[in-house]
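Heads up: the structure comes next, in structure tokens.
The values are calculated or read from the model by the stated rules, or taken from the named source; none is laboratory data. Since we're looking at a predicted model, the values are computed, not measured. Please note: Cβ atoms are built from the backbone with ideal geometry, for glycine as well, and neighbour counts cover all protein chains shown. Ligands, DNA and RNA are stripped out before the accessible areas are found, and what is left, the full protein with its side chains, is counted by its heavy atoms. Shrake-Rupley method; radii C 1.70, N 1.55, O 1.52, S 1.80 Å.
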Amino acid sequence: MLWIMRFSGFFSAAMLMVILSPSLQSFPPAEAIRSSHLDFHLRQSVPLSLSDSHTRFLFRRSPSYRNAEQCSSSDSKFSGRLGVCDPSLVHVAITLDVEYLRGSIAAVNSILQHSLCPESVFFHFLVSETNLEAVVRSAFPQLKFKVYYFNPAIVQNLISTSVRQALEQPLNYARNYLAELLEPCVRRVIYLDSDLVVVDDISKLWRTNLGFRTIGAPEYCHANFSKYFTSRFWLDKRFSGTFLGRKPCYFNTGVMVIDLVKWRRASYTKRIERWMEIQKNDRIYELGSLPPFLLVFAGDVAPIEHRWNQHGLGGDNVKGSCRNLHAGPVSLLHWSGSGKPWMRLDSKNPCPLDSLWAPYDLYGHSH
């Protein structure tokens, strides 16, 4: 169980207290599953070695985590045959790339550490580089996961310039294509950014009641929604009229629960792509992959408690200054913004809250 206590004054700091539950014993390794459409790319790529200068990463092996006794478990042979289609699984999608790999590994480690049923979590890794699977396998030998190749060419001509170059990377847009990339039997997925850690049982987020809506996320209706779009957007009724009859609120797309059945049925990927095409010609927003989601879903989002996205810990999109925790309980810490905890820790100039990310970092040699 994890408790976070916040003390405020002229300067604020956060203190993390971790009380470990009884040790979870190791279990026989479960072979990771690889997406069939990625096989060709993997065969063509150079095998990963510790000296591979492209990856530049050495990760310690994560401890083994077993399901608690109260976890529902089906017959292991039957479950093995079902694979990714096992209905008892919790599905989590995260991108993997060289720049943010350290964050993705920490995110996975945090989810496993705090899950009551870690063996029941299945990870879907979205990649545009084909030599990262071995890194994941070495850090998490028993992890249930599958790798999906996302071709950057799919969105290359749809991406417009943004306030920060990192927001222009094609892999940022892979979340738009989860319904196409994942198997039809995967009916729901939790999408998570790579710059966060989960400090609560992920199954609680998984059980979010979406009702008739397609996505769920923490909403922030006090935020100035108009700033996410240009004056040209608001002055042109062809564009701003999309929000007529809706009460749009800002939400962060780094933490979402998505009903993939409803998404596929309504062809939401095409709707998002249409707004990206309009942006190329009319410049209706300045940020990267967020505004198209707001245009399609804002005002029609199933609300999730704010505890599941304590975002903005990376500061703004330019300076990446230090931020404090928002008031209230915490289940997920998110370093959205330009400041990333691993970079600030390595530079010996961390923010106080970066110390909350550090315990999940597996980067470096074994001691």
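Quick notes on this one:
- Any hit, the range 152-165, residues being touching a strand residue (DSSP E or B) at 6+ places or on another chain (Cβ under 7 Å), among the aliphatic types (A, V, I, L, M) and not in a loop (DSSP other than H, G, I, E, B): no
- Lone unmet requirement of (1) of a type outside the set (Phe, Trp, Tyr); (2) surrounded by 15 or more Cβ atoms within 10 Å (Cβ to Cβ); (3) free of Cβ contacts under 8 Å to residues at least 24 places away in the same chain for Asn281: (2)
- Of all residues making up the range 273-303, the number that are out of contact with any Lys or Arg (no Cβ under 6 Å at 6 or more places or on another chain), within 24 Å of Asn209 (Cα to Cα) and outside any loop (DSSP other than H, G, I, E, B): 7
- Restricting the range 329-367 to residues that are touching a helix residue (DSSP H, G or I) at 6+ places or on another chain (Cβ under 7 Å) and of a type in the set (A, V, I, L, M), the residue that is surrounded by the fewest Cβ atoms within 10 Å (Cβ to Cβ): Ala358
- Within the range 222-255, the residues that satisfy the criterion of being open to solvent by less than 20 Å² (accessible area, probe 1.4 Å) and small (Gly, Ala, Ser) are Ser240, Gly254.
- Selection within the range 256-278: residues that are aromatic (Phe, Trp, Tyr) and open to solvent by 10 Å² or more (accessible area, probe 1.4 Å). The member of this set that is nearest to the chain's Cα centre (by Cα) is Tyr268.
- Remark: pairs (first residue in the range 131-159, of a type in the set (Gly, Ala, Ser); second residue in a helix (DSSP H, G or I) and at pLDDT below 95; Cβ separation under 8 Å; 6+ apart in sequence or on different chains) are absent.
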